[in-house]
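K.L.:
Shown below is the structure under consideration.
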Amino acid sequence: MKRLITILLALALGATLFAQEKPQPLSDSLYRSLAATPPMGWNSWNKFGCNVSEQLIRDMADAMVASGMADAGYQYVVIDDCWQVDRDAQGNIVADPERFPSGMKALADYIHSLGLKFGIYSCAGSMTCQARPGSKGHQFQDALQYARWGVDYLKYDWCYSDGQNAKAAYQTMSEAIKASGHPIVLSICEWGENKPWEWGEGIGHLWRVTPDIRACYDCTFDWGGVGILQCIDADAELYPYAGPGHWNDAEMLEVGNGELTWDENVTHFSMWCMLAAPLMSGNDLRDMDYKTRQILTNKEVIAVNQDRLGMQAIRFMKMGDQEIWAKPLADGEIAVCFMNRSSQPWKLDYNWTNQTMYFARDVNLRKYNYTVRDLWQHKVIGQTKDRLKAEIPAHGVLMVRLAKAQ
């Protein structure tokens, strides 16, 4: 009898170990259900580059809570490139032991203890963009390791891709995540070079549509960096591809970085919300000034981004440097953004009833009267039965929300 009990215990232990090594894969439907609204969080790259550490990430997680960012909806704390230094004898990815002495599991546990989620970075190539170990040939091993650590979000880059097919490479990591049994949002970061919007749905949950962003309003660099306007224009016609679980990524936010003016920062944030783009802040959360925090935590503007309908705004009118964008919302409401690209103020005098927003089926400006609420002034500024008159500053916007008047 003792021998039988011993055998049964051994079998049970073996089954447990096997189950640990062979996790229950995620179903495709569960995987696709992740990121039902555009992900919101913080990423280390724009401000800190390779200068990342365990203490920095803990500080940012603390600041996300203390600053009100978490309360506004931000949840992912993402370490970008340079956290990894090697692979061990078994091929497992190794975090920098000097910069991350407690290890990634302990860091993830700390972030989770704050009610936040933990994100990490890797690359589909043999090396990352900063020549650290990439994931090529180790996709399933890495995904399993990330699952053990408790990673919730993976930004997956495209440097040193060595002639791979982009769709196939990202599909491999997608399957590896599903096989790990752990729900991880996959951010496809191949800069829009292979039109990921045409194949990314179901493989990843968001895909970059632009080169790297820089903290400038209108600029293009020879090496590929671009400004806010360039990101907006790259995303403008991609609205058919966006929706719950699959988003066009217009790049990380530069609000609070560089020499952007107040109006340029407001335009940057407003348009990312109109475009249903992921909101990944890239500034130092520990010392935000009042204006930066005011922009990043504007809940009325964020609500447009996080609207459950999941539609991306359409640029339905362009008059030189003056543009009108509209984003249908749930419950028959609509967000409208008057965007002034000019270096001169725009003296707006707008007749709502002259325009038909044909893509917003539940909105009829000729039949019904709507209240017009300014989402930056946080007040109703009129109704659609009246003309809208306002002065929009250079490089600025007027962002409003229309709701049927009672």
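K.L.:
If you count, for each residue, the other Cβ atoms within 10 Å and average over each peptide, how do 381-392, 164-175 line up from highest to lowest?
P.N.:
Per-residue Cβ counts within 10 Å, averaged per peptide and sorted highest first, yield 164-175, 381-392.
K.L.:
Checking a compactness column here: for the stretch 24-305, what do you get for Rg(Cα) / (2.2 N^0.38 Å), N being the number of residues?
P.N.:
For the stretch 24-305, the normalised Cα radius of gyration comes out at 0.93.
K.L.:
Using amide H atoms built in the peptide plane, which far-off residues or other-chain residues are under 5 Å from Met280 H to H?
P.N.:
The list, which skips near neighbours in sequence, is Gly41, Leu253.
K.L.:
Show me the three semi-axes of the equivalent ellipsoid for the stretch 247-406, from the C-alpha gyration tensor (sqrt of 5 times each eigenvalue), largest first, rounded to whole Å.
P.N.:
Calculated on Cα positions only, the semi-axes equal 26, 18, 14 Å.
K.L.:
Around Pro196, what is the net charge, scoring Lys/Arg as +1 and Asp/Glu as -1 over all other residues with Cβ under 10 Å from its Cβ?
P.N.:
Summing Lys and Arg as +1 and Asp and Glu as -1 gives -2.
K.L.:
Could you run the Karplus curve 6.51 cos²θ - 1.76 cosθ + 1.60 with θ = phi - 60° over the stretch 86-95 and give me ³J(HN,Hα) per residue in whole Hz, x for Gly and Pro?
P.N.:
Once rounded to whole Hz, the list reads 6, 10, 7, 4, 8, x, 6, 5, 10, 6.
K.L.:
Under 15 Å from the Cβ of Cys82, count the other residues' Cβ atoms, weight Lys and Arg +1, Asp and Glu -1, and hand me the total.
P.N.:
With Lys, Arg at +1 and Asp, Glu at -1, the net is -3.
K.L.:
Can you give the calculated 222 nm mean residue ellipticity of the chain, where each DSSP H run of n ≥ 4 adds -39,500 (n - 2.57) and the sum is split over every residue, rounded to the nearest 500 deg cm²/dmol?
P.N.:
Estimated from H runs of four or more residues: -8500 deg cm²/dmol.
K.L.:
What is the mean projected area of the alpha carbon convex hull for the stretch 209-316, to one decimal in square nanometres?
P.N.:
Its average projected convex-hull area is 7.0 nm².
K.L.:
Tally the DSSP beta bridges in the chain and give the antiparallel ones as a percent, rounded to 5.
P.N.:
60
K.L.:
Further question: Using the Kirkwood formula on the Cα atoms of the stretch 218-276, what hydrodynamic radius do you get, in angstrom to one decimal?
P.N.:
Result for the stretch 218-276 stands at 12.3 Å.
K.L.:
Determine by what factor the alpha-carbon radius of gyration of the stretch 314-404 differs from 2.2 N^0.38 Å, reporting the quotient.
P.N.:
Relative to the 2.2 N^0.38 Å estimate, the stretch 314-404 comes out at 1.02.
K.L.:
Show me the three semi-axes of the equivalent ellipsoid for the stretch 75-139, from the C-alpha gyration tensor (sqrt of 5 times each eigenvalue), largest first, rounded to whole Å.
P.N.:
That gives 22, 14, 10 Å for the three semi-axes.
K.L.:
What number, in percent, do you get for the relative contact order of the chain if the mean sequence gap of Cα pairs under 8 Å and at least 6 apart is divided by its residue count?
P.N.:
13
K.L.:
Applying a 10 Å radius around every beta-carbon, put 340-346, 246-252, 316-322, 189-195 in order of their mean neighbour count, most first.
P.N.:
Sorting 340-346, 246-252, 316-322, 189-195 by mean packing, highest first, produces 246-252, 189-195, 340-346, 316-322.
K.L.:
By average Cβ neighbour count within 10 Å, what is the ranking of 145-152, 25-32, 129-136 from highest down?
P.N.:
145-152, 129-136, 25-32
K.L.:
Hey, how many Å between the Cα centroid of the stretch 67-93 and the Cα centroid of the stretch 169-185?
P.N.:
17
Read-outs: derived from the displayed coordinates by stated rules, not from any lab. Keep in mind that this is a model prediction, so the values were computed, not measured. In this analysis, Cβ positions are derived from the backbone assuming ideal geometry, glycine residues included, and neighbour counts consider all displayed protein chains.
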